[in-house]
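Take a look at the structure set out below.
The values are calculated or read from the model by the stated rules, or taken from the named source; none is laboratory data. Just so we're clear, the structure is a prediction, and the values are computed from it rather than from any experiment. Because the Cβ atoms are built from the backbone with ideal geometry, glycine has one as well, and the counts that use them run over all protein chains shown. Please note that ligands, DNA and RNA were not included when accessible areas were found on the heavy atoms of the full protein model with its side chains. Shrake-Rupley method; radii C 1.70, N 1.55, O 1.52, S 1.80 Å.
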Amino acid sequence: MKLKLIKCVFGAIVCVVSSVAQAQVNQVSVILEPPVWAFKADTVVIPNHEARLTPNEQPLAERLKPLLTNADYHSAASLLEGYKSTTKSAALWQLTGQVYLALEQYAKAEEALLIALKQAPGLSRSHRSLAVIYLQLKNYHKAHFHIGQAIALGHHDAQLFGQLAYINMQNQQPWAAISGYQRALLLEPNNQQWQQGLMASLIQSQQFSAAHALVMDLIANDENNANLWLRRGQIALNLQQFEQALSSFEMALRLGDTQVNNRLLTAQLHIQHGSVARASTLLKDVLRQDALQFSQLHPTFSWLLQQQHYEEAEQLLTTIADIGTLTVFDQSRYYAFKGQLAAKNGSIKQALKWYEQSLLLDSNNGEVLLALAEHFSTQNAYSRAELYYIRAAVIGAVKEQALLGHAQLEINQQDYASAIVLLNKVLAHNPNRLDLKQNIAILQRLHSQAS
């Protein structure tokens with residue numbers, strides 16, 4: 001009686017490849033152009049009804065007026081810095097803060113505005129300006145406080161609601177962000193910033209159906225926007241609507257998207273849900289653009305070889321013009337795939353050469369060790385096969401396969417006691433392999449009979 005535990009063929013480095021394409025799709029993120037967040041404090045940098053300059057400050061105001069009208073904030077700041085007075089009004093401090101804010105001199109602006117609020121806590125413009133400063137500095141707690149104060153003082157405009165929504169997004173509170181962006185859009189329905197924010201918050205809160213409805217509405221009004229098609233694809237992926245995701249990413253590519261990650265993701269979707277030929281074309285583009293992306297494609301090569309797409313795999317390897325640009329780890333995988341292809345073509349000596357080259361670069365390439373062990377096992381060179389299985393068994397990623405292969409080797413030599421020991425090691429490593437208990441029982445009977 002001959003017991004067969006595993007079946008591997010020389011050249012099939014990975015004996016079991018499960019859902020390679022889907023696994024890779026989950027690992028690659030969609031790359032979108034970052035949204036531009038522009039936070040406005042006040043478009044008019046002049047005193048208003050809530051704070052007035054003192055009579056002594058009126059001559060200064062007259063000199064400032066034309067500078068502010070022409071947005072000459074540098075000259076205005078110089079004039080304010082040259083104004084010497086022991087008592088400056090809250091209105092003047094607020095004006096000073098707004099000028100510094102326009103110049104993006106946040107520390108000086110913050111100092112002036114805080115002095116203004118200390119003198120007159122009800123200055124809503126100072127609160128709004130401070131909120132913008134703290135948003136730029138990513139101090140969301142302080143920004144939230146001052147926005148709340150501005151709202152309490154009677155301001156209920158889209159900018160404030162949008163800013164609150166943005167803060168909630170940064171604080172990982174997408175549900176609250178949705179409400180803020182919706183209120184902002186009620187007041188400014190065509191504001192792309194609020195649309196982007198609502199889209200992002202719907203996705204972050206996993207309201208994919210609502211996000212899909214929104215992106216379709218936006219695409220209807222701007223069908224040549226590659227970023228919107230990428231969003232549609234991202235949402236479709238989350239809804240597991242892979243064909244729609246694929247068509248969306250293809251549309252983004254046609255509209256000029258150049259992100260390597262997106263091209264890689266589109267190729268991987270094609271492998272599982274579209275055309276292997278198209279996937280191959282895209283992956284060639286990826287490798288020509290950035291050969292280091294080869295590190296992302298190890299499972300893809302394994303899948304292509306398992307599915308007997310040898311020509312596509314060979315063409316992809318050929319695309320990598322300079323192997324030296326790869327990491328040593330990736331070079332080892334490159335030669336491993338070369339060996340696998342050679343084995344598939346029946347060039348066993350060449351395959352061995354590539355495998356040995358792979359091990360020179362990475363002696364812990366477990367998949368190559370398994371392939372060599374399997375080869376020497378089929379040649380009845382049991383001692384050499386055993387050495388490779390022992391080396392592979394200390395590598396976590398292939399430990400179970402190595403132990404099973406070694407056990408099969410011992411069974412072929414009718415050393416049932418050694419096979420039992422090895423299978424028990426598999427069970428200790430992976431207690432879920434309960435199917436092996438039956439194999440162990442059979443081996444124990446064979447061992448007893450041989451004794």
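Some notes on this structure:
Conditions (1) more than 24 Å from ALA279 (Cβ to Cβ); (2) open to solvent by 10 Å² or more (accessible area, probe 1.4 Å); (3) without any contact (Cβ under 8 Å) to a residue 24 or more places away in the chain; (4) among the small types (Gly, Ala, Ser), marked per residue:
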| residue | (1), (2), (3), (4) |
| --- | --- |
| GLN306 | no, yes, no, no |
| TYR310 | no, yes, no, no |
| THR318 | no, yes, yes, no |
| THR325 | no, yes, no, no |
| VAL328 | yes, yes, no, no |
| ARG333 | no, yes, no, no |
| ALA343 | no, yes, no, yes |
| GLY346 | yes, yes, yes, yes |
| ALA351 | yes, no, no, yes |
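- When restricted to residues that are in a helix (DSSP H, G or I), more than 20 Å from ASP330 (Cβ to Cβ) and touching a Leu at 6+ places or on another chain (Cβ under 8 Å), segment 254-270 contains 4.
- Within segment 353-396, considering residues that are acidic (Asp, Glu) and open to solvent by less than 60 Å² (accessible area, probe 1.4 Å), the one modelled with the lowest pLDDT: GLU374
- Selected residue (criterion: farthest from GLN241 (Cα to Cα)) from residues of segment 275-284 that are of a type outside the set (Val, Ile, Thr) and open to solvent by 50 Å² or more (accessible area, probe 1.4 Å): ALA277
- Checking segment 429-449 against the condition returns no match, with no residue being open to solvent by 30 Å² or more (accessible area, probe 1.4 Å), within 27 Å of GLN306 (Cα to Cα), at pLDDT 90 or above and among the hydrophobic types (A, V, I, L, M, F, W, C).
- Residue match in segment 103-122 (condition: in contact with a Leu (Cβ under 8 Å, 6 or more places away or on another chain) and in contact (Cβ under 8 Å) with a residue 40 or more places away in the chain): yes
The rows are residues; the columns are (1) open to solvent by 20 Å² or more (accessible area, probe 1.4 Å); (2) closer than 30 Å to HIS127 by Cα.
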{"site": "GLY162", "(1), (2)": "no, yes"}
{"site": "MET169", "(1), (2)": "yes, yes"}
{"site": "GLY180", "(1), (2)": "no, yes"}
{"site": "ASN225", "(1), (2)": "yes, no"}
{"site": "LEU237", "(1), (2)": "yes, no"}
{"site": "LEU246", "(1), (2)": "no, no"}
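- Hits in segment 118-141 (condition: among the charged types (D, E, K, R), more than 25 Å from GLN182 (Cβ to Cβ) and either modelled with pLDDT of 95 or more or loosely packed, with under 15 Cβ neighbours inside 10 Å (or both)): LYS118
- Close pairs (6 angstrom Cβ cut-off, 6 or more residues apart or separate chains): in contact (Cβ under 8 Å) with a residue 12 or more places away in the chain and within 22 Å of TYR134 (Cα to Cα) in segment 167-192, open to solvent by 80 Å² or more (accessible area, probe 1.4 Å) and assigned to a helix (DSSP H, G or I) anywhere: ILE167/HIS144
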